[in-house]
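Each remark here refers to the structure printed beneath this line.
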Amino acid sequence: MVRDLTIVHLSDLHFGGVADLAQIEALEVLVPTIEPDVIAFSGDLTQRARHGEFQRARALVRQFRDTAPTLVVPGNHDVTWWRSPFSIAGPRAKYEKYRQYFGEELTPTLELPGVLLAGALTAYGVAVGSLTPNLRDLAVKGHLPKSETDRVAKLFAQTGNDVFKVIVLHHNIMRGQLSQRMGLARWPEAHRRLLGTGADLVLCGHDHQEGADQLDGGLIISTTGTLSTRMRGGRPSVFNVIKVDHQAVHVQFVRWESGAGLFRFSDTHSFAKRHPVPVLSAAERRAG
Ligand SMILES: [Fe+2]
């Protein structure tokens, strides 16, 4: 079944000291008016993985569930990695707090008519797979293990071409325009793995700068900004609205105007779908 679809893509709310309550309160009013089919949070809901931060984030997610189903994955700020660096105290300790507020499943899936969304975990804190020669990257960079993309690929393989397939993960897939940084260690490998999943769209954040791109001329990447005071380069905060129709995917940036205290719908980037619905000729339409 193919139908039009609207996704609200939020990221990096960073509840805590850098939260911008004016933005959050404006978001609470605006998002239901967009009438999304799904609201996806691509990680970093908290600043320091504190209980109060998780509690506020959970309250927002619960509130949005009145509008549409939600899907949440953790970001590097949501992982209490210091409880188990290099997983020395086991793999569970670093996600305990996150799970307390967002449930056992770190990589949830969500299936709606014509669309399948799958979370993928890239946030592991200080972990062997995320290490780079740059000390600044410690606990910040992520990685995308083969086991994650294999799991998602298997899930996607069970559905047809007419189902739109979306991966939600935290770390930016494309190089940040201002930061010039990749979110993932060993990113060329991660790109190959993502392309191999059969996904149509990836939702990510982490870099605090928005972007709309295609990987290898096919896989569409929606990167959204932060809804906190920490937007890169002093630029306005952004969240993304993605509309999928029969032929194309449209990624629209919604920018915060702090002076006016409101979000404004801004530029849209459109990409052809990999599996468009054939356009019928006038004669076919009359016959059909
Ligand atoms: Fe992050």
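The values are calculated or read from the model by the stated rules, or taken from the named source; none is laboratory data. Remember, predicted model here, so these are calculated numbers, not experimental data. Cβ: placed from backbone, ideal geometry, glycine included. Neighbour counts: every protein chain shown. Protein only, heavy atoms only, side chains kept; ligands, DNA and RNA dropped before computing areas. Shrake-Rupley method; radii C 1.70, N 1.55, O 1.52, S 1.80 Å.
Amide H to amide H under 5 Å from VAL168: which residues, 5+ apart in sequence or cross-chain, H placed 1.01 Å off N in plane?
Here ALA118, GLY119, ALA120, LEU203 satisfy the definition.
Explain nothing, just the number: relative contact order of segment 1-140, from Cα pairs under 8 Å at least 6 residues apart, as a whole percent.
Contact order relative to length: 22 percent.
Given Cα pairs under 8 Å that are at least 6 residues apart, what percent is the relative contact order of the chain?
Worked out over the chain, it gives 19 percent.
ARG192 to THR33: FRET efficiency via 1/(1 + (r/R0)^6), r the Cβ-Cβ distance, R0 45 Å, to the nearest 0.05?
0.70
What are the ³J(HN,Hα) values, in whole Hz, obtained from phi via the Karplus relation 6.51 cos²θ - 1.76 cosθ + 1.60 with θ = phi - 60°, for each residue of segment 147-161 in sequence order, with x given for Gly and Pro?
4, 5, 6, 4, 4, 5, 4, 5, 4, 5, 5, 7, 10, x, 4
Divide by every residue of the chain the summed helix terms, -39500 (n - 2.57) for each DSSP H run of at least 4, and state the resulting mean residue ellipticity at 222 nm, rounded to the nearest 500 deg cm²/dmol.
Helices in the chain give a 222 nm mean residue ellipticity of -6500 deg cm²/dmol.
Taking only C-alpha pairs under 8 Å that are 6+ residues apart, what is the relative contact order of segment 1-61 in percent?
Relative CO of segment 1-61 lands at 48 percent.
Could you derive backbone 3J(HN,Hα) for segment 168-175 from the dihedral phi with the Karplus parameters 6.51, -1.76 and 1.60 (θ = phi - 60°), listing whole Hz in sequence and x where the residue is Gly or Pro?
Karplus values, whole Hz, x for Gly and Pro: 10, 9, 8, 6, 5, 7, 9, 5.
Heads up, I need the accessible area for SER87: 1.4 angstrom probe, whole protein in place, Å², nearest 10.
Here the accessible area works out near 40 Å².
Can you work out ³J(HN,Hα) from phi for every residue in segment 84-91, in order, using Karplus 6.51 cos²θ - 1.76 cosθ + 1.60 and θ = phi - 60°, giving whole Hz and x for Gly and Pro?
Using θ = phi - 60°, the values come out as 7, x, 6, 6, 5, 9, x, x Hz.
In cubic angstrom, how much convex hull volume per residue do the alpha carbon atoms of the chain span? Intermediate results must be reported in sequence, preceding the final value.
Details: hull volume 38.6 nm³, N = 288.
For the chain, the hull spanned by Cα atoms encloses 134 Å³ per residue.
Taking R0 as 30 Å, what FRET efficiency do you get between ARG232 and GLU96 from their Cβ-Cβ distance, rounded to the nearest 0.05?
Once rounded, the FRET efficiency stands at 0.45.
Between 0 and 90 degrees, rounded to the nearest ten: what's the tilt of helix 21-34 against the longest Cα principal axis of the chain?
That works out to roughly 20 degrees.
Could you work out how far apart the two model spin labels at ARG136 and ASP150 are, taking each label as a point 7 Å from the Cα in the direction of the beta carbon, and quote it in nm?
3.5 nm
Would you kindly state how much longer the chain becomes between SER258 and ASP216 on full extension, computed as 0.36 nm times their sequence separation minus their alpha carbon distance, in nm to one decimal?
11.5 nm
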